[in-house]
Every structure is written in C-alpha cells, then in structure tokens.
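Enquirer: Here's a structure for you.
Coordinate-derived values only; no laboratory data. Bear in mind the structure is a predicted one, so any value in this text is a computation, not a measurement. Counting neighbours? That spans all protein chains shown, and the Cβs are built from the backbone with ideal geometry, glycine included.
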Amino acid sequence: MRQRAPIEHVPGMAVVKVAARCNLYCTYCHWFRDATVESRPAVMSQEVEQAMFSRFREYILGYGLHEFVLCLHGGEPLVFGKERIRGFVASARRLAWETGARIDVCTTTNGVLVDAAMADLLRDLDIQVCVSMDGPREIHDRARVDRRGRGSFDKVVGGIKTLRGAGIEPTLLSVIDPHADPVEILKCFVDELGFQIVDFLLPDVNREDAAAGHWKSVSPFLISLFDAWYDDYSRRGVRIRLLEAMIASVLGRRTGLQGVGFSPMCVLCINSDGGLENHDALRISGVESIATDLNVMTSPIDALFSNPVWRAPYEASLRIPEECEECSLRPLCRGGDVIHRYEAGHYDRRSPYCSDYLDIYPHIAARIRADLKPRTRRASSITPWRLHP
C-alpha cells in the first residue's frame with residue numbers, strides 16, 4: 001500500500017465535472033469566468049471515468065474511509081445523458097462493493113433538462129437532487145438565462161414538478177441577489193413551491209472584484225431573511241443551512257459549512273478531462289489559482305494534497321487572517337470564506353463581506369439571546385459568543 005499524503009482533514013466527497021458545458025449562461029456563474037473551461041471535453045470520456053473510479057478505489061482503501069460522496073456536477077451535469085449517468089452509478093455501486101464503504105451519489109442541476117424519463121432514472125438510481133433557483137420569475141430570470149438571454153423560470157418550475165411527480169423531493173440552492181426581497185423569495189420557495197430545505201449562497205466575489213466595484217452589501221438581505229425565517233418559517237420546519245450554521249457559530253459550535261466558523265477548504269474536484277483541482281469556485285480568481293498538472297490518468301487522488309496550488313487555499317482556511325486578529329467576531333466568521341479572501345495570489349486577507357458579517361452576526365446573537373432560557377444547568381451554560389471584549 002502506497003504511503004498516505006500528509007493532510008489533517010481528509011476529503012470525504014468528490015465533485016465530479018461530468019460535463020463542462022451548460023444549457024444556461026447564468027451571469028454570475030464562476031465556472032465560465034475561466035475561459036479555459038470551453039476547451040475541456042464537453043462530457044467526461046468513458047476512459048477518464050474508468051481511471052477516476054480506479055483512483056477512487058485506491059483513495060478510499062488507502063485512507064480507510066467508511067463513507068464517500070460523489071457529486072455529479074458541471075456545467076450542467078444532466079448534459080451527461082441518461083445512459084452515462086446510469087453507468088456512473090453502476091460504477092459507484094461496484095466501488096462500494098470493492099471498498100466496503102457507503103457511496104452516495106448526488107447532483108446539483110438547473111432543472112431545465114428534467115423530463116419524465118430523467119426523473120424516473122434519478123429516482124431509480126437513488127440520486128439525491130438539488131435544484132438551483134434564485135426566486136420568483138422576476139428575480140430568477142435576471143441572471144439565470146440561456147445563451148439567447150431568455151429566462152429559465154418556467155422550465156425550472158416544470159423540472160421541479162416532474163421530479164416530484166416521480167417521487168423525488170429535491171432541495172433548493174439559491175444565490176443571493178442583494179437587490180431582492182428575501183421575504184418574497186421565501187414566499188415563492190416555501191409557500192408557493194413547497195420546499196422545506198433551502199440553501200443560500202453569497203455571490204462569489206473576491207477582494208479584487210470588490211476593489212473593482214463588483215460587490216454589493218448583503219447584510220440587509222441576510223437580516224431580513226433571518227427575521228422572516230426565525231419568526232415564521234423555522235417554526236414550520238423550514239431549514240436554511242446558512243442561517244443554521246451562523247446560529248451554531250454564534251453558540252460556539254462547529255458549523256460544518258464552508259465560510260462559517262472553522263471550515264477547512266479541502267475539496268476534491270475532477271474535471272471532464274480528468275484534471276484534479278480544488279473547489280471549482282476558486283475559478284473566480286483565475287485559472288492559475290486552481291489549475292494543477294495532475295490528472296486521474298497519471299496521478300493518484302491524494303497527489304493533490306502535496307500540490308502547492310491546492311494547498312494554498314487549504315492552509316489559508318485553517319488560519320484567521322492577521323488583520324482579523326483583533327476583531328471580536330473572529331471565531332465566528334474567521335475572515336470569511338477563503339474563496340472570497342483572494343487578492344494578488346494570496347488568501348490571507350479578510351473577506352469583502354466583512355462589513356456584512358459585522359451586521360448579521362450581532363443581529364443573530366441579539367435575536368437568539370432572549371430565547372436561550374436557562375431551564376437546566378446544562379442549558380444555562382449555553383450562551384451566545386461574546387460580541388464585545
């Protein structure tokens with residue numbers, strides 16, 4: 001057995017770019033900010049897929065993993081096609097048998113290509129589905145457009161209904177539009193479309209983007225979102241992972257969410273050509289911030305862990321930026337998501353969302369403090385993080 005590469009946090013998931021093309025052209029997409037993605041194979045070849053699963057087997061056995069998640073991603077992963085998806089899952093099941101590990105397969109899709117046959121396939125293969133959507137029509141269609149600039153709202157809603165008709169209850173992923181009304185978005189997602197699990201992402205900008213003016217404050221959105229969820233939707237069982245993670249961080253607990261509290265940047269990403277990389281959103285900082293010379297055709301998975309391009313954001317994510325050391329919020333946000341902290345080849349600066357964190361975390365702490373009633377000695381010891389020295 002080959003020697004393990006040195007790493008403290010071993011990734012238990014791989015983002016697999018089975019398709020490098022997309023049927024939409026979302027204006028904020030980090031993927032197409034890197035022009036080199038257009039030169040990659042439109043879909044992963046069977047030769048690369050076979051080599052990748054051989055590497056997965058080597059990796060899982062080498063690190064003694066009991067669970068591993070494979071996320072079908074893109075571009076738009078459903079471009080991969082029904083038969084290739086079926087073959088991918090067959091390989092995943094064989095991998096589970098060979099390693100004794102639990103192998104789960106999930107996908108994040110824009111929903112446009114979901115027809116009845118695709119929905120039945122995803123159900124039969126037990127693939128967990130997350131759909132990307134940004135809100136009601138006027139909000140969603142601002143950014144999530146096709147190559148002709150046409151909105152995709154109706155097709156996405158149709159895809160969601162088709163998934164549910166096949167017995168699949170998808171989760172929802174939404175990129176925050178700072179100009180939008182989060183209350184209207186929740187009404188659309190929960191009251192009209194019936195979602196119970198919704199996740200929100202901050203727009204992907206780094207410090208260089210912010211310096212160029214490509215950044216908007218998100219704290220008004222987050223505060224309004226939190227109040228609407230905390231006062232109403234949370235009581236109806238609606239889960240918003242970003243807000244739950246922020247509450248956990250305020251309470252001094254591990255969050256399990258990148259960019260909130262302690263969250264190591266340790267992602268395995270395999271491109272359609274077999275290239276090995278870190279988190280694909282690092283593309284917002286240019287291809288030099290993510291590209292390596294590693295490929296599953298020639299390199300083991302854990303060769304990434306010794307690669308300087310991969311290690312730079314990983315090691316930065318383990319540290320609080322020096323300029324954040326005097327901030328009382330440093331244990332909560334730890335400088336923010338390392339993706340957003342990039343500037344001039346380094347990740348050691350605070351996030352452009354720093355001012356937003358200074359608004360939202362104290363707001364959350366103030367809201368939950370009144371509800372933390374000391375019913376028992378154990379409960380009375382749980383208090384929000386002190387926001388002031």
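Enquirer: Using label points projected 7 Å from each Cα along Cα→Cβ, tell me how many nm separate Glu325 and Ser355, to one decimal.
Expert: So the two model labels end up 2.6 nm from each other.
Enquirer: HN-Hα J couplings of segment 144-150 from phi, Karplus 6.51/-1.76/1.60, θ = phi - 60°, integer Hz, Gly and Pro as x?
Expert: Going residue by residue, I get 8, 10, 8, 5, 9, x, 8 Hz, with x marking Gly and Pro.
Enquirer: In whole Å, what are the extents of segment 13-322 along the principal axes defined by its C-alpha atoms, from largest to smallest?
Expert: Reported extents, whole Å, longest axis first: 53, 50, 40.
Enquirer: Suppose the Debye formula is applied to equal point scatterers at every Cα of segment 238-356; what is log10 I(q)/I(0) at q = 0.18, 0.20 Å⁻¹?
Expert: Debye output, listed in q order: -0.92, -1.05.
Enquirer: Just add up the charged neighbours of Ala281: K/R +1, D/E -1, any other residue whose Cβ is under 13 Å from the Cβ of Ala281.
Expert: In short, -2.
Enquirer: What are the ³J(HN,Hα) couplings of segment 121-135, residue after residue, when phi is run through the Karplus curve with 6.51, -1.76, 1.60 and θ = phi - 60°? Round to Hz, x for glycine and proline.
Expert: Running phi through 6.51 cos²θ - 1.76 cosθ + 1.60 with θ = phi - 60° gives 5, 4, 5, 5, 8, 6, 8, 6, 10, 10, 10, 8, 7, 10, x Hz.
Enquirer: I would also like to ask the following. State the number of lysine pairs found in the chain whose Cα atoms come within less than 28 Å, restricting to pairs 8 or more positions apart or on distinct chains.
Expert: Pairs that pass both the separation and distance tests number 8.
Enquirer: Suppose each label sits 7 Å from its Cα in the direction of the beta carbon; what would the Asp371-Ala35 distance come out to in nanometres?
Expert: In this crude spin-label approximation the distance works out to 5.0 nm.
Enquirer: Something else now. Taking the Cα-to-Cβ direction at Asp124 and at Ala212 and moving 7 Å from each Cα, how far apart do the two end points lie in nm?
Expert: In this crude spin-label approximation the distance works out to 4.7 nm.
Enquirer: Could you run the Karplus curve 6.51 cos²θ - 1.76 cosθ + 1.60 with θ = phi - 60° over segment 48-55 and give me ³J(HN,Hα) per residue in whole Hz, x for Gly and Pro?
Expert: Those phi angles translate into 5, 4, 4, 5, 4, 5, 5, 5 Hz.
Enquirer: Which order do Asp371, Asp337, Asp181 fall in if you start with the one that has the fewest other Cβ atoms within 10 Å?
Expert: With the sparsest Cβ surroundings first, the list reads Asp371, Asp181, Asp337.
Enquirer: Further question: Once you have the Cα-Cα distance between Val10 and Asp191, take 0.36 nm times their residue separation minus that, and quote the gain in nm to one decimal.
Expert: 61.2 nm
Enquirer: Normalised radius of gyration for segment 25-148, please: alpha carbon Rg relative to 2.2 N^0.38 Å, two decimal places.
Expert: Ratio of Cα Rg to 2.2 N^0.38 Å: 1.19.
Enquirer: Could you please state, rounded to a whole Å, how far the C-alpha centre of segment 48-120 is from the C-alpha centre of segment 121-175?
Expert: Centre-to-centre distance over Cα atoms comes out at 20 Å.
Enquirer: Here's something else I'd like to know. In deg cm²/dmol, rounded to 500, what helix-only [θ] at 222 nm does the chain give when every DSSP H run of at least 4 residues adds -39500 (n - 2.57) and the total is split over its residues?
Expert: Mean residue ellipticity, 222 nm, calculated: -10000 deg cm²/dmol.
Enquirer: For the chain, give me the percentage of DSSP beta bridges that are antiparallel, rounded to the nearest 5 percent.
Expert: That works out to approximately 20 percent antiparallel.
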